[in-house]
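The values are calculated or read from the model by the stated rules, or taken from the named source; none is laboratory data. Just so you know, these numbers come straight off a predicted model, no measurement behind them. Methodologically, a virtual Cβ is constructed for each residue, glycine included, from the backbone with ideal geometry; neighbour enumeration extends over all protein chains shown.
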Amino acid sequence: MYKRQVPKGSKVNLVISDGARPRKVPADLAGKNALDVAQALEKVSLKPVVERVQDPSVQLGYVVSVEPASGTEVEFESEVKVRVSSPRDKAIVPDVAGKSTLQADADPVSYTHLDVYKRQAYRCTGRSRH
């Protein structure tokens with residue numbers, strides 16, 4: 001702060017600030033690395049708040065979306081929700097080893113998870129387990 005003494009009765013100009021100017025949420029953040037997005041937000045004096053979401057279409061650790069949306073004008077140091085793609089919860093895969101597809105299909109416990117099992121088996125072997 002600038003301190004200077006002036007003679008009593010002198011005219012003093014006083015400037016009152018309206019505060020910091022609004023900021024724009026940077027453009028094209030979705031699909032970028034979460035750390036890069038956080039740095040971009042901090043660079044324009046915004047506060048990234050990470051929310052982990054499961055989105056198989058977006059690479060893990062990359063941004064699914066931001067809120068408010070890119071291009072939106074917000075107040076200085078506003079929070080911006082950054083939704084980041086995270087690993088999905090583990091699926092329960094029934095023990096169907098040694099069973100035929102028909103037996104696995106008939107097992108009520110396996111039935112609810114059969115679709116997951118078939119996809120996993122296909123990924124591992126490259127063959128469909130129908």
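When the range 58-76 is limited to residues that are acidic (Asp, Glu) and in a strand (DSSP E or B), the one that is surrounded by the fewest Cβ atoms within 10 Å (Cβ to Cβ) turns out to be Glu73. Inspect the range 103-126 for any residue being among the small types (Gly, Ala, Ser), exposed (fewer than 15 other Cβ atoms within 10 Å of the Cβ), at pLDDT below 50 and not assigned by TED's automatic domain parsing to the domain that holds Leu29 and give the result as yes or no. Among the residues of the range 103-126, at least one is among the small types (Gly, Ala, Ser), exposed (fewer than 15 other Cβ atoms within 10 Å of the Cβ), at pLDDT below 50 and not assigned by TED's automatic domain parsing to the domain that holds Leu29, which makes the answer yes.
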